[in-house]
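Working notes for the structure below.
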Amino acid sequence: MAVHTLDRIFNPKRIALIGVTINPNSVGGKVLGNLVGGGFRGVVYPVNPDSEAVLGIQCYPDVKSLPRTPDLAVVCSPAAGVPELVRQCGEAGILGLIIMSAGFKETGDAGRALEDQIKLEAARFDGMRIVGPNCLGIIVPRLNLNVSFAAGMPKAGHIAFISQSGALCTSVLDWAIEEKIGFSNFVSIGNSIDVNFGDLIDYFGEDENTESILLYIESISRARRFMTAARAFARSKPILAYKAGRFPESAKVAASHTGAMASEDNVYDAAFQRVGIARVYDIGEIFDCAGLIGRKKMPRGAHLGIITNAGGPGVMATDALIASNGTLAKLSDETLAKLDACLPPSWSYGNPVDVLGDANSRRLEKAARIVIDDPDVNAMLVILTPQAMTNPTAAAKVIGSLAETTSKPILAAWLGGQSMNEGIKILIDSGVPAYRTPEQAVRAFMTLVAYARNLEALYETPKEIPLRFGLDREKNREEFIAREFSKGEILSEESSKALVETYGIKTAKPHPAGSEDEAAAIAGSLGFPVVLKINSPDITHKSDVGGVAVNLENEDMVRSAYRRINASAKEKQPDAIISGVTVQPMIDSKNGIELIAGIKADPVFGTIMLVGMGGISAELLGERTLGFPPLNERLARRMLKSLKIWPLLQGYRGRPPINIDKLIEVLVRLSYLAADYPEIKELDINPLLVTPDDVIALDARVIIDRDLVGKKTEQYAHLVLRPYPEKYTKVIELPDGTKVTLRPIKPEDEPQWMDMLASCSKETIYSRFRYFFQWASHDVAIRYCYIDYDREIAIVAEILEEGVRKLIGVGRLIADPEHETVEYAILITDAWQKKELGKKLTEYCMEVARKWKLKKIVAQTTTDNRPMIAVFQKLGFDVTYNEQDATVDVEKGLTGNLK
């Protein structure tokens, strides 16, 4: 549903207040008082059939009696009557609603049924948007609009605050008013049956008055919408989130290691990282961090330089930094020599730089300038305490001036009371975030570091990994489901490994043995040593029941192990169905490391992936990281680098490094498996043995969701991020016989995209971008090569020239958030113009748009781009010439949507 329709809620001219009473302390009475007393410049219509007037304002019996149609209706009536009021609003043409009433799903099944009724009524009216129910309301300070029952109006600012908790909103408002923190918008979304976090991120992302977005999250609905919206704006408008409820006990019921290790909070953490959201763990820090991140000076690392006029606060800052996994910058010899020349002999001779208690602002400025210029310093914290020689105001002025000359972040901690207030104001006005304690400043800095790392990792150019699959994945999927998924919820080790192997992941192949003699015979044929494992669909963790015997070197050891394993499993899990054992070769694990790799279906974010320390200690150590399929080389590498055992994987204390490139390939292959099988509830590869030469799955277990087997679902609906749409790949032939591959762009194409633009004339660049586009940087390429396939598709035209892939054109489709209208733009390199490539590429992009189920395609060019105008006319576009600015608008309806 269209995001722009939220204007009715956040910029209304007329408001109907339904359920208001003459009691000024009721919810409706408070809202009316805030609207009237807050200076709202629009019209308010109180609606109550039992009152003639409220606060001297005429009341109306119902919404159909109103003299003009309001943009917004605010419902404060009892829950039971709300569905009927929603219907009445729709029939009266009121399409913006805020439902403040409580008594819905938060009260149980009856309340949930009321919400369902509201949804049914709202669905009857195209374009209706609802905030709530069970919410505090909204505040837009710059419009003097307080549609809430909270006391007080914060000042206007550039932070959009969105919260699921109304109670928290009132506390934050009270604190923000006292601290003079300003907001562009302040929103309580309550139960969010319609308008949710994703909608509001999209809306405020386009709002010129909003510079950063703060979220208080209890839970998320429509996770894909949330992720795509956050990803779209995280780079241009910082998003910070506080997630409440970090330690649920849900992991206890998981059936696999992966399920137990992937707790709800871990998943949210991974989601925030994947889309570039900065996370805070103390709600009190969210505004501290917002001030810093909103200045958009990003550190290149976690190396902090500290300057202080007192030793103790410097130690406090250092402790907080090290505890947060930050690093004290190592000052160069040149820096130390410069400091030594301008500081008294008793200075600290290191970082933190103690300029001593008698330092004046000039000494502080000299030291700060030297430290910020050190190559190892990524950011600087200046700590000032009120001492006899201290002039906090003058010190603030010199630090503020210094901040204007550097791209590195500078933070300040002005410790003390009233004497520091003027200096703090000067710092903030100069763009330097100022804090009351060193710990506050350090925590804000480390949040900034995490945010910068998230963005950097999000847009790193991945290496191309040429993946080939021996089988047709779709055909193999159909055959495997028909053969294996009917056997039970838990697949056998043999079946699990067979599935893994179809994706090119090597396994230690198990050979079932139903008797002691059979086990001995198989072991003899395989060659010693071997491994025996209990074979039971009911036993997930074999080691827990004594169901594994390794390094069996002869037939006698195999026979003994067979009896021992079966006896132990029957004793410890007497109800389990046991079919003997599996026999497999003993893999040489010298210099190898046991990892775990897995898949889990999360109820909110869909399928997730896990990698970490494996073996029998997997859950005990809890060393793991999570990610979301699909993975590419950089995302897989980032998962591995986030592990504490990363140095061990690289080679540690004489131990050879494992084959990291092969491990990355295995994770990418596993992500393809995760994308292809929505029926998988949990999958464990544990242990996954990685050695200097190879990667091999020693054990595997797949648990399926029987309810999804045979169920028709939208492709990739189980993934929170849409994978690379390889189905949109097509080979065409130009009239001169040239074969051209049309396919979606991907991040790995960045070098070829750069080469394509380099081959274009200035005129071609101008025709596409309508200005002389400066394209030659990674930061620019991010916008065009790193795209969200849920919202945008760019189809590149690729040829093979002397064995080298080369891009010769690109058509770009950018859909609105509601997937109704798509904007189209095209570029063809000079050498390939006038060869019908533009027409064929446009035709194919229109075909893709139809398959994407879009309703209309629009484009804009200039009057001098006659060849492209001719193409649009041939394809049946409506063409409109704009004489005022020499532009040409074209559009065409997309009918006959294809499946």
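The values are calculated or read from the model by the stated rules, or taken from the named source; none is laboratory data. Note that the structure is predicted; figures quoted are calculated from it, not measured. Don't worry about glycine lacking a Cβ; one is built from the backbone with ideal geometry, like all the others, and counts go over all protein chains shown. Heads up: the accessible areas ignore ligands, DNA and RNA and are worked out on the full protein's heavy atoms, side chains in. Shrake-Rupley method; radii C 1.70, N 1.55, O 1.52, S 1.80 Å.
Of note:
- Members of region 580-598 that are in a strand (DSSP E or B) and open to solvent by less than 20 Å² (accessible area, probe 1.4 Å): VAL581, THR582, VAL583, GLN584, ILE593, LEU595, ILE596, ALA597, GLY598
- Of all residues in region 151-162, none are outside any strand (DSSP E or B), outside the structural domain of ILE424 (by the TED database), within 19 Å of GLY19 (Cα to Cα) and open to solvent by 10 Å² or more (accessible area, probe 1.4 Å).
- Subset of region 644-654 (residues that are closer than 10 Å to ASN591 by Cβ and either loosely packed, with under 13 Cβ neighbours inside 10 Å or within 27 Å of the chain's Cα centre (by Cα) (or both)): none
- Top-ranked residue in region 204-214 [being at pLDDT below 95 and outside any loop (DSSP other than H, G, I, E, B); ranked as farthest from GLY166 (Cα to Cα)]: GLY205
- The condition (being touching a residue at least 12 places away in the same chain (Cβ under 8 Å), hydrophobic (A, V, I, L, M, F, W, C), surrounded by fewer than 22 Cβ atoms within 10 Å (Cβ to Cβ) and over 16 Å from ASP194 (Cβ atoms)) is satisfied by just one residue among VAL54, VAL63, VAL31: VAL63.
- GLY103 satisfies every condition listed in (1) on the phi > 0 side of the Ramachandran plot; (2) open to solvent by 30 Å² or more (accessible area, probe 1.4 Å) except (2).
- Within region 70-87, the set of residues being closer than 13 Å to VAL47 by Cα and either touching a helix residue (DSSP H, G or I) at 6+ places or on another chain (Cβ under 7 Å) or surrounded by fewer than 22 Cβ atoms within 10 Å (Cβ to Cβ) (or both) comprises LEU72, ALA73, VAL74, VAL75, CYS76, SER77.
- Meets criteria (assigned by the TED database to the domain that holds PRO438 and not in a strand (DSSP E or B)) for ALA359: yes
- Test: residue in region 389-400 that is more than 34 Å from the chain's Cα centre (by Cα), modelled with pLDDT under 90 and within 19 Å of VAL355 (Cα to Cα): yes
- Meets criteria (at pLDDT 90 or above, of a type in the set (A, V, I, L, M), closer than 16 Å to GLY137 by Cα and part of a helix (DSSP H, G or I)) for LEU85: no
- Pair list, Cβ < 8 Å and 6+ apart or interchain, from region 775-793 residues that are under 14 Å from VAL275 (Cα atoms) to residues that are assigned to a helix (DSSP H, G or I): TYR786/LEU458; TYR786/PRO747; ASP788/THR228; ASP788/ARG231; ASP788/ALA232; ASP790/ARG224; ASP790/THR228
- Test: residue in region 567-579 that is open to solvent by less than 10 Å² (accessible area, probe 1.4 Å) and more than 18 Å from ALA697 (Cβ to Cβ): yes
- Any hit, region 834-849, residues being surrounded by 15 or more Cβ atoms within 10 Å (Cβ to Cβ), in a strand (DSSP E or B) and assigned by the TED database to the domain that holds PRO735: no
- Qualifying residues in region 3-28 (those that are in a loop (DSSP other than H, G, I, E, B) and open to solvent by less than 10 Å² (accessible area, probe 1.4 Å)) - the one nearest to ARG68 (Cα to Cα): PRO12
- Subset of region 692-727 [touching a Leu at 6+ places or on another chain (Cβ under 9 Å), assigned to a loop (DSSP other than H, G, I, E, B) and over 17 Å from ALA498 (Cβ atoms)]: HIS718
- Enumeration of residues in region 502-521 that are in contact (Cβ under 8 Å) with a residue 12 or more places away in the chain, open to solvent by 30 Å² or more (accessible area, probe 1.4 Å) and not in a strand (DSSP E or B): THR502, GLY504, LYS506, LYS509, GLY514, SER515, GLU516, GLU518
- Scanning region 88-100 for residues that are surrounded by 21 or more Cβ atoms within 10 Å (Cβ to Cβ) and part of a helix (DSSP H, G or I) turns up CYS89, GLY90.
- Checked across region 187-194, the condition of being farther than 25 Å from GLU115 by Cβ and touching a residue at least 60 places away in the same chain (Cβ under 8 Å) holds for no residue.
- Cβ pairs under 6 Å, 6+ apart, first in region 665-684 and not assigned by the TED database to the domain that holds VAL695, second at pLDDT 95 or above: none
- GLN873 fulfils the conditions (1) under 21 Å from THR764 (Cα atoms); (2) assigned to a helix (DSSP H, G or I); (3) open to solvent by less than 40 Å² (accessible area, probe 1.4 Å) except for a single criterion, (3).
- Test: residue in region 325-333 that is in contact (Cβ under 8 Å) with a residue 60 or more places away in the chain, closer than 13 Å to MET446 by Cβ and open to solvent by 60 Å² or more (accessible area, probe 1.4 Å): yes
- Once region 124-133 is narrowed to residues that are touching a residue at least 12 places away in the same chain (Cβ under 8 Å), assigned to a loop (DSSP other than H, G, I, E, B) and out of contact with any Lys or Arg (no Cβ under 8 Å at 6 or more places or on another chain), the residue that is most open to solvent (accessible area, probe 1.4 Å) is PHE125.
- Whichever residue in region 804-821 is open to solvent by less than 40 Å² (accessible area, probe 1.4 Å) and free of Cβ contacts under 8 Å to residues at least 60 places away in the same chain and, among such residues, is nearest to GLU750 (Cα to Cα): LEU807
- Close contacts from region 460-486, counting a first residue that is more than 16 Å from GLY710 (Cβ to Cβ) and a second that is surrounded by 11 or more Cβ atoms within 10 Å (Cβ to Cβ) and among the acidic types (Asp, Glu), with Cβ to Cβ under 7 Å and a gap of 6+ residues or different chains, come to THR461/GLU750; PRO462/GLU633; PRO462/GLU748; LYS463/GLU633; GLU464/GLU748; ILE465/GLU633; ILE465/GLU665; ARG473/ASP676.
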